[in-house]
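Below: one structure, written as structure tokens.
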Amino acid sequence: MPETSDVVELILRDHRRMEDLFRLMRSVEDDRGAALREFSDLLIAHALAEESKVYPALKRYKNIDDDEVEHGEDEHDEGNKALLELLQVEEIGGDEWDEKLEELVEAVTHHADEEERTILNGARENVPMERREELGAAFWEERERLLKAGCGSLDNVRKIVES
């Protein structure tokens, strides 16, 4: 477990790591394939852990908009589709790679920004720290379980998108 168990901080930490991985995937000097593999695992584990452990709990708070939470789930689907399209590109660094990477960056960045402004700010203001820490522990445990299972593999991402 990291030094904080506040679910808001854990989610923000993942968002910042995703931004770092975007930079690596754009860089001709880095191992873009390795960055994509890490990103794929992280995005899928992060989203599934949010949907199973965090979002249902946040819907119980009257000052957190249920529509925003449901919209967040829809945006996870969009990010997963964009990820699948990038994972299916055969030539890392080619024109198609660049195009699909930018579509992924746009989908995930849009979602992270909205989630931070609406859902996470609402959680920070309305959910007691003790509950945020409980949610953080549950989120982290599920996220780690999914990461260990290789949840970002092409086959698994395909199954998630098709379901």
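The values are calculated or read from the model by the stated rules, or taken from the named source; none is laboratory data. Since the structure is predicted, the reported quantities are computational estimates derived from the model, not experimental observations. Here the Cβ positions follow ideal geometry from the backbone for every residue, glycine too, while neighbour counts run over all protein chains shown. Please note that ligands, DNA and RNA were not included when accessible areas were found on the heavy atoms of the full protein model with its side chains. Shrake-Rupley method; radii C 1.70, N 1.55, O 1.52, S 1.80 Å.
Structure above, values below:
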{"quantity": "Some residue of the stretch 81-103 being of a type in the set (Val, Ile, Thr), closer than 27 Å to Met25 by Cβ and either open to solvent by less than 70 Å² (accessible area, probe 1.4 Å) or without any contact (Cβ under 8 Å) to a residue 24 or more places away in the chain (or both)", "calculated": "yes"}
{"quantity": "Leading residue by the ranking (farthest from His71 (Cα to Cα)) among those in the stretch 109-152 that are outside any helix (DSSP H, G or I) and open to solvent by less than 70 Å² (accessible area, probe 1.4 Å)", "calculated": "Gly150"}
{"quantity": "Subset of the stretch 64-80 [touching a residue at least 24 places away in the same chain (Cβ under 8 Å) and either closer than 22 Å to Glu133 by Cβ or part of a helix (DSSP H, G or I) (or both)]", "calculated": "Ile64, Glu68, Val69, His71, Gly72, Glu75, His76, Asp77, Glu78, Gly79, Asn80"}
{"quantity": "Members of the stretch 36-63 found to be under 14 Å from Leu135 (Cβ atoms), of a type in the set (A, V, I, L, M) and surrounded by 23 or more Cβ atoms within 10 Å (Cβ to Cβ), listed by number", "calculated": "Ala49, Val54, Leu58"}
{"quantity": "Residue in the stretch 18-26 that is under 14 Å from the mean Cα position of the chain (by Cα), loosely packed, with under 15 Cβ neighbours inside 10 Å and part of a helix (DSSP H, G or I) present", "calculated": "yes"}
